[in-house]
1. Over region 62-327, how many pairs of lysines fall under 23 Å by alpha carbon, counting only those 8 or more apart in sequence or from different chains?
2. Answer rounded, prolate or oblate for region 60-185, using the Cα gyration tensor with square roots of eigenvalues a ≥ b ≥ c: rounded when a/c is under 1.5, else prolate when a/b is larger than b/c, else oblate.
3. Per 0.36 nm of contour for each residue apart, how much would the distance between ASN79 and TYR234 grow if the chain were fully extended, relative to their Cα-Cα spacing?
4. Among the chymotrypsin sites (Phe, Trp or Tyr not before Pro) in region 136-236, which ones are in a DSSP loop with at most 15 other Cβ atoms within 10 Å of the Cβ? Mind listing them?
5. 5 Å is the cut-off here: which amide hydrogens, built 1.01 Å from N in the peptide plane, fall below it relative to VAL167, excluding neighbours closer than 5 in sequence?
6. How far apart, in nm, are the 7 Å Cα→Cβ label points at ALA248 and ILE96?
7. Could you give the length gained by full extension between ASN130 and LEU61, i.e. 0.36 nm per residue of separation minus their alpha carbon distance, to one decimal place?
Amino acid sequence: MSEEAEYQKLQGENRKPSGNSSGSNPPPIKRRQFLIYAGLGGTGLVTTVVFSQIFQVQPKLLTFEFETVTVDKTGKIVNQENHQAKYFKEDLGNGITLDMVQIPGGSFMMGSPTSEKGWSESESPQHQVNVPGFSMGKFVVTQEQYQQIMGNNPSRFSGAKRPVEQVSWNDAVEFCQKLSQQTGREYRLPSEAEWEYACRGGTTTPFHFGETITTDLANYNGTYTYASEPKGKYLERTTDVGSFPPNAFGLYDMHGNVWEWCQDDWHNNYIDAPKDGSVWTSRSGNSKVLRGGSSFNVPLYCRSASRTFSYLVEVDIYNSIGFRVVCVVGRT
């Protein structure tokens, strides 16, 4: 198809009812703007970026309700609260969807105090970070979602609703690129600051559940304890996403189940770390940040502040590594 024909086709699409939450149509595409995009890589690239860069179509927002729990150091539930959050559904095809929760912008203290059990120098110095709003996967990417976008499923612990695992950082980035191309929205891995901000959900305790966690609240090696809670189960496998209570933002499985890739390069500490929530990639090397702990880890590695790293392509034994995605649409 010629550039002129493609331009006229896209203008026709632009005149259709928008379907966005505001009910208004995006502005017409300027011919010069179209040609700039076309010159970057042909009409295929135009099709990919039109909705994210030119139209700026906002997805239809839905609302869901959920309950959070807080525990004391013995693991006893001391508070339960009802919350609601906004999200949008991304249609991946074949009846498979991806739920993206709106995370409001805000400030938080990143890292942990030296008094926190499990503290390490890599979690210091604590520093305030201002994070713009974004949208984040309600769950880690599942095996059926990964199969739909990538055409394969590398996971050891098979299950459509279980997290995809045994994925390298490069695999996760490729998933984001293909998802962006398919949907016309910009998807990527979260920055490390976005991940911790989203995990905490406004809390300052070691876990978003409070002073500790239990195996009624997360999937980890429950034969070890963190505070004064009783020992629990050790499943030695992943569980379906959403099997445990969410945090106050409406995000599930932020503690345990699988480690989650971040976009950032690994740094040994937070000296000179960005304070605006952005990705930190100033360090040379091929090691990338992992967050959240897994079903194989003891609880101290599942804390909100806990961090480690792995390499870009090594996945031979990593059936405990998955990822969730971030979308820049709908910043608040």
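FYI, it's all coordinate maths here, none of it is from the lab. All of these numbers come straight from a predicted model, not from anything done at the bench. When we count neighbours, we look across all protein chains shown, and the Cβ atoms used for this are built from the backbone with ideal geometry, even at glycine.
1. Count of close lysine pairs: 20.
2. Details: a/c = 1.69, a/b = 1.49, b/c = 1.13.
Prolate shape, in that a/c is at least 1.5 and a/b is the bigger ratio.
3. On the way: separation 155, 0.36 × 155 = 55.80 nm, distance 2.55 nm.
The ASN79-TYR234 span can extend by a further 53.2 nm.
4. TYR224
5. Under 5 Å from the amide H of VAL167: ILE321.
6. Here the modelled spin labels are 3.5 nm apart.
7. Values: separation 69, 0.36 × 69 = 24.84 nm, distance 2.44 nm.
In short, 22.4 nm is gained.
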